[in-house]
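The values are calculated or read from the model by the stated rules, or taken from the named source; none is laboratory data. Remember, predicted model here, so these are calculated numbers, not experimental data. Cβ coordinates were reconstructed from backbone atoms using ideal geometry, including for glycine residues, and neighbour counts include every protein chain displayed.
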Amino acid sequence: MSFLNQFQQHSWQGMTDRIYNKNETDVEMALAKQGIRDLDDFCALVSPAATPYLELMAQKSHDLTRKRFGNTTQLYIPLYLSNECHNICTYCGFSVDNKIKRLTLNHEQIMAEVEEIKSHGFEHLLLVTGEANRTVGVDYLSQVCDWLRPHFSSISLEVQALEQEDYEQLINHGLNSVMIYQETYHQTNYQQYHPKGKKRNFEYRLDTPDRLGKAGIHRIGLGALLGLEDWRVDSSFVALHLAYLQRQYWQTKYSISLPRLRPAEGFQSPNVDVSDRDFVQLITAYRIYNENVEISLSTRENQQFRDQLLKLGITTMSAGSKTDPGGYTMNDKTLEQFEIDDDRTPKEVAAMIKAQGFEPVWKDWDTIL
Amino acid sequence: MKTDSLTIGDREFTSRLFLGTGKFGSNQLMHDAVVAANSELVTVALRRVHLQEQKDDVIAHLDIPNVKLLPNTSGVRTAKEAVLSAQLARESLQTNLLKLEIHPDPRYLLPDPIETLKATEILAKEDFIILPYINADPVLCKRLEDVGAAAVMPLGAPIGTNQGLQTKAMLEIIIEQSNVPVVVDAGIGAPSHAAEAMEMGADAVLVNTAIAIAGDPVAMSEAFKLATISGRMAFHARIGAKNKQAQASSPLTAFLTQA
């Protein structure tokens, strides 16, 4: 039994119809509902029928977020360890068919990055690599966790899908959270975006959060890329996935990311346009659907937009990010995964958070946990 | 009014309003709210503070005369993890007061009764003054008392929900039976809820979300202070019984007094 069983009871077309058949009454019912909201409520909230209710959704999302998370925003920073990758992902700068310089950081380079990152006050770190098992496999990652554990309160990982025992090993080395985005839940089109490499295996990726749950990870990050397929449909599958996981692995915490595709090497524009308005509808729908899920915002979004989103349901933000290995000390832009769109320093982002009446939280975990 | 102090372990408190320190829009606001509440005991999540460093900003803002820190173990999932973080808390914050919070469920943050009982038993032997956060379960409260809890902290409703005393029927039994102070924790969303708990005979209340996310946290903090005091006064003054109907006549027994 895994999410795959449940996923197979749904079809892309069926989910599409479910969303596009919703009317204003469905939206009003979803908004007025007391207690637990279900998948149909979520479908109503992301449907075109909900667009006239955007301000109301935003206010509700704001109130729910404050109640659960208070007037605070958590900060984290990504550390890109390597851009080596054997996959082709048609939207990603690290794709194996891109003729770019490849680099995997060694101990000395990593510790230089750590020193720079720590000088800004970060305690929550997200490690990122491409998929290259010989150079950045589980043993390399375990080693890196050992090096970083004394310096950070929380270590997260955004790398290839792994086996349950790999996750267990990494947890023993101090890992406490893993981001694993399905990219799209459109199984047929998934193959076109991922024509080569281990990542081609849709079902293996789909069941990765199950393996993480079984391994006893503290936190799992879910998400679909915005810009590949219809975001209303993809996000409804994320909602389905989340509800399944929360029932199954009730001791795990969940977060959702909304990576909107950015220009990258070999990739110019997304298939599907996701407007700022759509983006706001999606964040608020996730929040109203689930009061407890963390919602994370990266520097893929621009500074003005990020400042506005702070009050709409976001709980976690990155700041001062670089998306190339060695980016904090060497900054060679030819190595990067995608272009960032908010290049303020962490200090400037923290000042913006304070100016909006929120406390920037650098530490909300501890290695003893 | 004569002094009405509260003793937990070997500590004495005049104020019966304890504060949580999460969710505030700034550390200064948190500080001002604690001062306005006149609170003498504030709980701090270990996960939020830099235990190894001297200069933690949260702790610095709680350096207020007469205010004691109550470290909490929020984030731990088992008794084993709780014991470890309790020891760390005592060492780095120099206090043996401990709010024991073990919630393996990160969604509703509901406490695990089995792990809490186990950890209380271990930590009581290590001379901690333990205030365990638990569901409003009267039997569990007695069991915790037996193994050395200094107080019990049953919830009024799931933490952070502001729903008020949803567990009222169980809280009444707990208050009636307890030999240690009962601190109603979690779910208190308005000063009227705090007053209600105090009127019922709770020894203290712990409030966080309702103050931290109020439009004016400092004013709300003062409102909670007054509600807690007034609820306590009403408890001492003995509230008259409620009646569903007026008792003007006695149709069935009136004949007894008739000549």
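Hey, among the residues in region A:42-60 that are in contact (Cβ under 8 Å) with a residue 40 or more places away in the chain and touching a Lys or Arg at 6+ places or on another chain (Cβ under 6 Å), which one's nearest to residue A:119 (Cα to Cα)?
Top of the filtered list is A:46.
Go through region B:49-84 residue by residue and tally those that are among the acidic types (Asp, Glu), at pLDDT 90 or above and in a loop (DSSP other than H, G, I, E, B).
Within region B:49-84, the subset among the acidic types (Asp, Glu) is B:53, B:56-57, B:63, B:81.
Applying the additional criterion that residues be at pLDDT 90 or above yields B:81.
Still in the running and in a loop (DSSP other than H, G, I, E, B): none.
Residues meeting the conditions: 0.
Can you tell me which of A:29, A:1 is out of contact with any Phe, Trp or Tyr (no Cβ under 7 Å at 6 or more places or on another chain), at pLDDT below 95 and closer than 24 Å to residue A:187 by Cβ? Write out each step before concluding.
Numbers: A:29 fails: closer than 24 Å to residue A:187 by Cβ.
From the options A:29, A:1, the qualifying one is A:1.
All but one of (1) within 18 Å of residue A:223 (Cα to Cα); (2) away from chain B (no Cβ under 14 Å) hold for residue A:323; state the number of the condition that does not hold.
All conditions are met except number (1).
Among B:214, B:194, which is the only one that is within 14 Å of another protein chain (Cβ to nearest Cβ) and either part of a helix (DSSP H, G or I) or not acidic (Asp, Glu) (or both)?
Values: B:194 fails: within 14 Å of another protein chain (Cβ to nearest Cβ).
It is B:214.
Return the total of residues in region B:11-25 being more than 14 Å from every other protein chain (Cβ to nearest Cβ) and buried (at least 24 other Cβ atoms within 10 Å of the Cβ).
Kept after step one, since they are more than 14 Å from every other protein chain (Cβ to nearest Cβ), are these residues of region B:11-25: B:11-18.
Next, only the ones that are buried (at least 24 other Cβ atoms within 10 Å of the Cβ) stay: B:16-18.
Of the residues in region B:11-25, 3 are more than 14 Å from every other protein chain (Cβ to nearest Cβ) and buried (at least 24 other Cβ atoms within 10 Å of the Cβ).
Does residue A:216 satisfy being on the phi > 0 side of the Ramachandran plot and away from chain B (no Cβ under 14 Å)?
No; evaluated as a whole, the condition is false for this residue.
Which ones in region B:162-188 are surrounded by fewer than 21 Cβ atoms within 10 Å (Cβ to Cβ) and closer than 25 Å to residue A:65 by Cβ?
Listed by number, the residues that qualify are B:162, B:163, B:164, B:166.
Looking only at region B:83-94, how many residues end up being of a type outside the set (Asp, Glu), more than 10 Å from chain A (Cβ to nearest Cβ) and out of contact with any strand residue (DSSP E or B) (no Cβ under 6 Å at 6 or more places or on another chain)?
4
What strands (runs of 3 or more DSSP E) lie completely within region A:101-198 and have 2 or more residues being small (Gly, Ala, Ser) and under 27 Å from residue A:350 (Cα atoms)?
Values: elements: A:124-128, A:154-158, A:177-179.
The strands (runs of 3 or more DSSP E) meeting that bar are A:154-158.
Kindly establish whether residue B:79 is closer than 28 Å to residue A:220 by Cβ, among the aliphatic types (A, V, I, L, M) and touching a Gly at 6+ places or on another chain (Cβ under 7 Å). Steps first, answer last, please.
Numbers: closer than 28 Å to residue A:220 by Cβ: yes; among the aliphatic types (A, V, I, L, M): yes; touching a Gly at 6+ places or on another chain (Cβ under 7 Å): no.
So residue B:79 fails the test.
Among the candidates A:29, A:57, single out the residue that is farther than 30 Å from residue A:147 by Cα, surrounded by fewer than 20 Cβ atoms within 10 Å (Cβ to Cβ) and either away from every other protein chain (no Cβ under 14 Å) or not charged (D, E, K, R) (or both). Don't jump to the end; show me each part of the working.
Details: A:57 fails: surrounded by fewer than 20 Cβ atoms within 10 Å (Cβ to Cβ).
Step by step, each of A:29, A:57 is checked, and only A:29 is farther than 30 Å from residue A:147 by Cα, surrounded by fewer than 20 Cβ atoms within 10 Å (Cβ to Cβ) and either away from every other protein chain (no Cβ under 14 Å) or not charged (D, E, K, R) (or both).
Kindly indicate whether any position in region A:341-358 is of a type in the set (S, T, N, Q) and away from chain B (no Cβ under 14 Å). Before you say what the answer is, go through the steps one by one.
Here is the first cut: in region A:341-358, the ones of a type in the set (S, T, N, Q) are A:345, A:356.
From what is left, the residues that are away from chain B (no Cβ under 14 Å) are A:345.
Yes, region A:341-358 contains a residue that is of a type in the set (S, T, N, Q) and away from chain B (no Cβ under 14 Å).
Kindly check whether there is at least one residue in region A:274-283 that is under 17 Å from the mean Cα position of the chain (by Cα) and within 14 Å of another protein chain (Cβ to nearest Cβ).
Looking through region A:274-283, none of the residues is under 17 Å from the mean Cα position of the chain (by Cα) and within 14 Å of another protein chain (Cβ to nearest Cβ).
Determine, yes or no, whether residue B:207 is touching a residue at least 60 places away in the same chain (Cβ under 8 Å), surrounded by fewer than 20 Cβ atoms within 10 Å (Cβ to Cβ) and within 22 Å of residue B:13 (Cα to Cα). Can you show your working first?
Numbers: touching a residue at least 60 places away in the same chain (Cβ under 8 Å): yes; surrounded by fewer than 20 Cβ atoms within 10 Å (Cβ to Cβ): no; within 22 Å of residue B:13 (Cα to Cα): yes.
The answer is no for residue B:207.
Go through region A:342-363 residue by residue and tally those that are part of a loop (DSSP other than H, G, I, E, B) and within 21 Å of residue A:312 (Cα to Cα).
6
Mind listing whichever residues of region B:34-53 are of a type in the set (D, E, K, R) and either more than 14 Å from chain A (Cβ to nearest Cβ) or touching a residue at least 40 places away in the same chain (Cβ under 8 Å) (or both)? Step through it out loud before you land on a result.
Step one: list which residues in region B:34-53 are of a type in the set (D, E, K, R), which gives B:40, B:47-48, B:53.
Within region B:34-53, just B:40 meets the criteria.
Under the condition of being part of a helix (DSSP H, G or I) and in contact (Cβ under 8 Å) with a residue 12 or more places away in the chain, which residue from region A:61-100 is farthest from the other protein chains (Cβ to nearest Cβ)? Reasoning before the result, please.
Going through region A:61-100, the residues part of a helix (DSSP H, G or I) turn out to be A:61-69.
Filter again for in contact (Cβ under 8 Å) with a residue 12 or more places away in the chain, leaving A:61-62, A:64-65, A:67-69.
Values: A:61: 14, A:62: 11, A:64: 11, A:65: 10, A:67: 6, A:68: 6, A:69: 7 Å.
Ranking the qualifying residues of region A:61-100, first place goes to A:61.
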